[in-house]
Amino acid sequence: QKRLVNYAMNNDEHYNSNSGGSDAVGFARTLNHHGGGGYSVATSTNFRSAVRKAVKRMRITGKPVGLLVMGGRHAWVLNGFEATRDPAKTNNFTVTHVYVMGPLYPKQRRGWFDKPPNTRISFDSFRTPFRKFDDRDSPRFVGYWVTVNP
């Protein structure tokens, strides 16, 4: 993991923090460099649109999605979802639940910080951890919901 984080930090767009973290661009570049292939940063102006875009890309590619959570201060993986219809076949669908995991589990277990693999969260409850980006260390993304989509 340290090697991946170092790669991400060295390939950030312009992350200004000394926190040991990376930005969304470094996240995408790391996935692509290490065999994930085809990942790019996606921004959305609202929560619903961000989730819909993410699950559609997940369904079309069969790959997980990176999520910038906690206002952009942390990352999770979106590894599943439930919807009223198949997003690969129609745009007329509603996401009802998502399945996520956090990279620091089981070290970090309190609150919303990092969930175990396949944690099921309702669409409405997902608004708490996956909120509008407000981390000033990456000013390009402030005001958007940010995902790293395949």
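Modelled this way, with points 7 Å down the Cα-to-C-beta line, the labels at residue 45 and residue 128 are 2.9 nm from one another. Atom-type composition of the exposed protein surface of segment 52-147 places 50 percent of the accessible area on carbon and sulfur (1.4 angstrom probe).
Look at the Cα gyration tensor of segment 44-114: its axes a ≥ b ≥ c give a/c of at least 1.5 with a/b over b/c, and that counts as prolate. As a length-normalised measure over Cα pairs under 8 Å and 6 or more apart, the relative contact order of the chain settles at 27 percent.
Computed about the Cα centre, the dipole magnitude for segment 54-107 is approximately 140 debye when only Lys and Arg (+1) and Asp and Glu (-1) carry charge, each at its Cβ.
The modelled label-to-label distance between residue 89 and residue 140, using points 7 Å beyond Cα along the C-beta direction, is 3.8 nm. For segment 109-150, what does the alpha-carbon gyration tensor say about shape, rounded, prolate or oblate, given a ≥ b ≥ c as the root eigenvalues, a/c under 1.5 as rounded, and a/b over b/c as prolate? Prolate is the answer for segment 109-150, as a/c is 1.5 or above and a/b outweighs b/c.
For a 22 Å ceiling on Cα separation, which of these pairs sit above it: 56/107; 53/132; 107/132?
Checking Cα-Cα distances, 56/107; 107/132 exceed 22 Å.
With every protein chain left in place, what is the accessible area per residue of segment 70-150 in square angstrom, probe 1.4 Å? Provide the component values of the computation, followed by the final result.
Values: 4330 Å² over 81 residues.
Solvent-accessible surface per residue comes out at 53 Å².
The values are calculated or read from the model by the stated rules, or taken from the named source; none is laboratory data. Keep in mind that what you see is a predicted model, and the values were worked out from it rather than measured. Virtual Cβ from ideal backbone geometry, glycine too; neighbours counted across all protein chains shown. Side chains are part of the model used for accessible areas, which takes the heavy atoms of the whole protein and leaves out ligands, DNA and RNA. Shrake-Rupley method; radii C 1.70, N 1.55, O 1.52, S 1.80 Å.
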